[in-house]
1. Looking at residue 57 and the list (1) open to solvent by less than 30 Å² (accessible area, probe 1.4 Å); (2) in a helix (DSSP H, G or I), which single condition is not satisfied?
2. Hey, among 201, 163, which residue is within 11 Å of the ligand (Cβ to nearest atom), open to solvent by 50 Å² or more (accessible area, probe 1.4 Å), hydrophobic (A, V, I, L, M, F, W, C) and under 18 Å from the mean Cα position of the chain (by Cα)?
3. Please work out which one of (1) surrounded by fewer than 24 Cβ atoms within 10 Å (Cβ to Cβ); (2) out of contact with any Gly (no Cβ under 6 Å at 6 or more places or on another chain) is the condition residue 130 fails and give its number.
4. Across region 166-175, what is the number of residues that are small (Gly, Ala, Ser) and either closer than 17 Å to residue 85 by Cα or within 14 Å of the ligand (Cβ to nearest atom) (or both)?
5. Can you find even one residue in region 226-242 that is in a loop (DSSP other than H, G, I, E, B) and more than 30 Å from residue 28 (Cβ to Cβ)?
6. Has region 111-125 got at least one residue that is touching a helix residue (DSSP H, G or I) at 6+ places or on another chain (Cβ under 8 Å), free of Cβ contacts under 8 Å to residues at least 40 places away in the same chain, within 15 Å of the ligand (Cβ to nearest atom) and under 30 Å from residue 45 (Cβ atoms)?
7. Could you look through region 113-124, keep only residues that are touching a strand residue (DSSP E or B) at 6+ places or on another chain (Cβ under 9 Å) and surrounded by 19 or more Cβ atoms within 10 Å (Cβ to Cβ), and pick out the one that is farthest from residue 167 (Cα to Cα)?
8. Which residue is surrounded by the fewest Cβ atoms within 10 Å (Cβ to Cβ), if the candidates are limited to region 17-37 and must be over 22 Å from the mean Cα position of the chain (by Cα) and without any contact (Cβ under 8 Å) to a residue 40 or more places away in the chain?
Amino acid sequence: MAHNFLSRLTGSFAMPAAENPTVAMVEAAYRHHGLDIRYINCEVPPERLGDAVKGARAMGWIGFNCSIPHKVSVIGHLDGLGESAAVMGAVNCAVRRGDSFIGENTDGKGFLQSLRTVTDPKDKTVVMFGAGGAARAIGVELAFAGAKRIIIVNRSEARGRALVGLLNAKTKIAAELVCRTEAYRLPDEAEIVVNATSIGLYPDIEGRINLDAACLRPGLVVADVITNPPRSPLIRDAEARGCITLDGLGMVVNQGVIGIKYWTGIDADAGVMRRALENLFKA
Ligand code: NDP
């Protein structure tokens, strides 16, 4: 029997890279599906990113993720962009198509895929806290998925305005901004609430977004991007009040599922990938 010792290659370019668990999650899926593919977690400083992408091309990588600080600068090293990555101006997943590397953004798509397990955002009103990179990715994908209206609640007016302006100019969603210091009360028509800020992230794990928790009602969909810890204060408050909750791990896992689909065409098992992450955080 002829052996094939040449694995296909994927990976990640970021700095820092040591704390990124994506490799464990993606390789668990590769093993589960019997795919002879490796995922190499690489620490790449900003001034070496061009060399890293050239290296990936030279070695025939089928794709790679990139994270902080490369999500914007990587665009200059790629051959084209997918639709939502072009609107966001940020890439976290490069996909080889023929001889080209095309930049996609799976941050918001991973969120959407997680959201769709409980609801379809089409024609819905969403309240989203935050206006940074994660919020931008989520806002653009919600708009492309047909959400009707998005109310962005953000601390800094400048960042909030920039995101509202982008969404109103480049998508069909009706976006508006709320910047205030008192606790925000959800309007009755809001059906989905998203925390896309870094509030609740380790080490400030008791941090709460500026939301009047009395508005959390049964049946409301409440999603958080925070993964560490996944049971954030918002998720706990929402569960206690009978909301439907989605934690940040769902978003990460679905980003992995979408990346593997782009690179290989295979629908990876999200349950296997989630368990790989949960086992790491439990240990
Ligand atoms: P950014 O730095 O780009 O944005 C941070 C956002 O949080 C801004 O809107 C900022 O408001 C707000 N914020 C931070 N601290 C406070 C505070 N104390 N009070 C009020 N607002 C605050 O970060 P990202 O968008 O890249 O990431 C946000 C979070 O999303 C991170 O925790 C990250 O880990 C998580 N993430 C999760 C993913 C997943 O797959 N689950 C994927 C990507 C990110 P302001 O504009 O006023 O500064």
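1. (1)
2. On the way: 163 fails: open to solvent by 50 Å² or more (accessible area, probe 1.4 Å).
Just one listed residue meets the conditions, 201.
3. Unmet for residue 130, out of (1) surrounded by fewer than 24 Cβ atoms within 10 Å (Cβ to Cβ); (2) out of contact with any Gly (no Cβ under 6 Å at 6 or more places or on another chain): (1).
4. Narrowing region 166-175 to residues small (Gly, Ala, Ser): 169, 174-175.
Imposing the further condition that a residue be either closer than 17 Å to residue 85 by Cα or within 14 Å of the ligand (Cβ to nearest atom) (or both) reduces the set to 169.
Counting residues in region 166-175 that are small (Gly, Ala, Ser) and either closer than 17 Å to residue 85 by Cα or within 14 Å of the ligand (Cβ to nearest atom) (or both) gives 1.
5. Yes, region 226-242 contains a residue that is in a loop (DSSP other than H, G, I, E, B) and more than 30 Å from residue 28 (Cβ to Cβ).
6. No, that holds for no residue.
7. The extreme case among them is 114.
8. Residues of region 17-37 over 22 Å from the mean Cα position of the chain (by Cα): 31-37.
From the residues that got through so far, the ones that are without any contact (Cβ under 8 Å) to a residue 40 or more places away in the chain too are 31, 34, 36.
Details: 31: 12, 34: 6, 36: 10.
So, considering only residues that are over 22 Å from the mean Cα position of the chain (by Cα) and without any contact (Cβ under 8 Å) to a residue 40 or more places away in the chain, the one surrounded by the fewest Cβ atoms within 10 Å (Cβ to Cβ) is 34.
The values are calculated or read from the model by the stated rules, or taken from the named source; none is laboratory data. Note that the structure is a prediction, hence the values are computed from the model and not measured. We place every Cβ from the backbone using ideal geometry, glycine too, and count neighbours over all the protein chains shown. The area values use the complete protein model at the heavy-atom level, side chains included, leaving out ligands, DNA and RNA. Shrake-Rupley method; radii C 1.70, N 1.55, O 1.52, S 1.80 Å.
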